[in-house]
Amino acid sequence: MEKQCWNTLWISDVHLGTRGCKATQLHAFLKSNTCRKLFLVGDIIDGWHMTTNKWYWPGEHNQVLRQILRKAENEQTEVCYIPGNHDEFLREYLSEHQIEIGNIKVLTEATHVTARGEKLWIIHGDAFDGVTRHHRWVALLGDAAYDFLLLSNHWFNQVRRWLRLPYWSLSGAIKHKVKSAVSFIFDFEHAVARETARRGFDGVVCGHIHHAENKLVDGIRYYNCGDWVESCTALAEDADGDIQILRWSEPVPAIDNVVQLKLPAQAKIR
């Protein structure tokens, strides 16, 4: 498969170390796409599960890390890692806003200027989530409920594969039908946009809420990477400075279970 080349890629909310992580799909995505800059926008490694004795680390999770390191070392990609709330253990080691792990820069936040001159503020976004920030025990309880949704999602898609149907996120559909979840996303987007405007940026790239987006919010261009536990999405900037959402889908199983189908190319989300 021919590689797609981009100026910049952004991924977030991978949650390596959990059963919900779609590491196989992300590994395939990273192999099929090259870029000059790669931003890891938080919750790449899930430290919360490690502290609650739920740590899970199969070989596929190592493959993702090796692929990221390969980009930084062999493909000469500039890689920046901005920790989120689930990998906040890295924040403890940040001194004067930057450290380096091999060829990977670790930052509390970052700035990116696109090829068309758009100045973007890059953050994970948990600082604008009042539940995570002020009531951690509530967030942990919600995390357990979310794990249950992801488990249900796994078995639901096992049946879909048996029926030769493509991957579809049951958990994501349920979450975004719940009135309180929709209201939370709305409040989050507007809070982030207000702070972005106050800081003088044209737009913001964030993650955290597992909902990919590319739209104007209060006059600010708001981009969200989505996640790699439900939607398998990323943001990509092309040579002209245009940014789009990319979705990576699981293959539909072959009828005779012998013919192997390759992962399809990314598709633009409107």
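The numbers here are math on the coordinates, done by the rules we state, and not lab data. Remember, predicted model here, so these are calculated numbers, not experimental data. Positions of Cβ are generated from backbone atoms using ideal geometry, with glycine treated the same way; all protein chains shown enter the neighbour counts.
Across segment 121-128, in residue order, what do the Karplus-derived ³J(HN,Hα) couplings come to in whole Hz, using 6.51 cos²θ - 1.76 cosθ + 1.60 with θ = phi - 60° and x for Gly and Pro?
Per-residue couplings from phi come out as 9, 10, 9, 6, x, 5, 5, 9 Hz.
Enter the Cα centre distance for the pair segment 191-206 and segment 212-251, rounded to the nearest angstrom.
If we compute the Cα centre of each part, the gap is 16 Å.
Which ³J(HN,Hα) values in Hz, rounded to whole numbers, follow from the phi angles of segment 102-113 under the Karplus curve 6.51 cos²θ - 1.76 cosθ + 1.60, where θ = phi - 60° and Gly and Pro get x?
x, 9, 9, 7, 10, 10, 6, 7, 8, 10, 9, 10
Which number do you get for Rg(Cα) / (2.2 N^0.38 Å) in segment 1-132?
Working: Rg = 14.8 Å, N = 132, 2.2 N^0.38 = 14.1 Å.
After normalising by residue count via 2.2 N^0.38 Å, the value is 1.05.
Through the Karplus equation 6.51 cos²θ - 1.76 cosθ + 1.60, θ set to phi - 60°, convert the phi angles of segment 201-209 into ³J(HN,Hα) values in whole Hz; use x for Gly and Pro.
These are the phi-based 3J(HN,Hα) values: 8, 7, x, 9, 10, 9, x, 6, 9 Hz.
Among LYS3, LYS119, rank each residue by its count of other Cβ atoms within 10 Å, from fewest to most, as a rough exposure measure.
Going from least to most buried by this count: LYS3, LYS119.
Whose amide H sits under 5 Å from the amide H of ARG19, counting only residues 5 or more places off or on another chain, with H placed in the peptide plane?
none
Mind checking the full-extension length gain between LEU65 and LYS215? Use 0.36 nm per residue of separation minus the Cα-Cα distance, one decimal, nm.
Length gained, LEU65 through LYS215: 51.0 nm.
Amide H neighbours of VAL79 under 5 Å, counting only residues 5+ apart in sequence or on other chains, H built in-plane at 1.01 Å?
Residues meeting the criterion, in which the H sits 1.01 Å from N, are LEU38, LYS105.
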